[in-house]
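Notes for the one structure printed next.
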Amino acid sequence: MGEPRFATAPSSDDHWHRPAPPSPPPPPPHQPLSLVQPSQKKRHKTKVFRVFRSVFRSLPIITPVCKFPSLPMGIPDPHRTASGSRVTGTLFGYRKGRVSLSMQETPKCLPTLVVELAMQTNVLQKELSSGMVRIALECEKRPDKDKTKILDEPLWTMYCNGKKAGYGVKREASAEDLSVMEHLKPVSMGAGVLPGNSDVEGPDGELAYMRAHFERVVGSKDSETLYMLSPEGNTGPELSIFFVRI
């Protein structure tokens, strides 16, 4: 009989000579940004016009509006079509993460404002399902000589439908924010989801968004309001966002 053979464990040197596992494929390249800078045009409004607007704002004003039957949100309001500048507003965020507000001159422009709100995206979606949402962002008044614009304030106390929710924080648009705006560039109004890649949600997480036209009304240096505009005949939620110094 021959001598028994014993299997020998591989030495540590064997590991060095084994072929390396194939490297993972490179991540897909980021979509190049084509968003443009917003225009620098200034709107001059006289005090007479402001008084005229404040008096007639409560009266019924019939103005033609375009129909977008595919938009699943908003309540038409003919009182809010002639007294302010129209901007594009986008609420977006991962369902279990905080929702952010982006304001753009048009969908083709870089954001002029990004505010991270003190509310999870799925909570805001539930509030919107009730049909009416009022978000108030409040901060303290500054001395008269301070020329800081209200939308340049770094921090606000946030209220949603009268209930304190925490703090809203202004921030610079991140690379992910700009990527979302780039993907939504063809969208003027609508709601849906985008594939996301968040550390919290994982690569399969979805990023929900809602985009609409907003009327931006400047009441004074201490107050601005965004009113969501919507197609005629729609029966979705109504959304207003107030920026106030108190």
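For the reader, a short list of remarks on this structure follows.
- Stokes-Einstein D (µm²/s) once Rh is taken as the Kirkwood radius of the stretch 122-234 over alpha-carbon pairs, at 20 °C in 1.002 mPa s: 128
- Cα-based Rg and Dmax for the stretch 127-166, where Dmax is the largest Cα-Cα distance (Å): 13.3, 43
- Across LYS96/LYS149; LYS126/LYS185; LYS145/LYS185; LYS163/LYS221; LYS96/LYS163, pairs whose alpha-carbon gap is larger than 29 Å: LYS96/LYS149; LYS145/LYS185
- Pairwise FRET efficiency - SER188 versus SER223, Cβ, R0 = 35 Å, nearest 0.05: 0.80
Every read-out reported here was derived from the displayed coordinates using simple, explicitly stated rules and does not represent laboratory data. All figures in this text were calculated on a predicted structure; none of them were measured in a lab. Don't worry about glycine lacking a Cβ; one is built from the backbone with ideal geometry, like all the others, and counts go over all protein chains shown.
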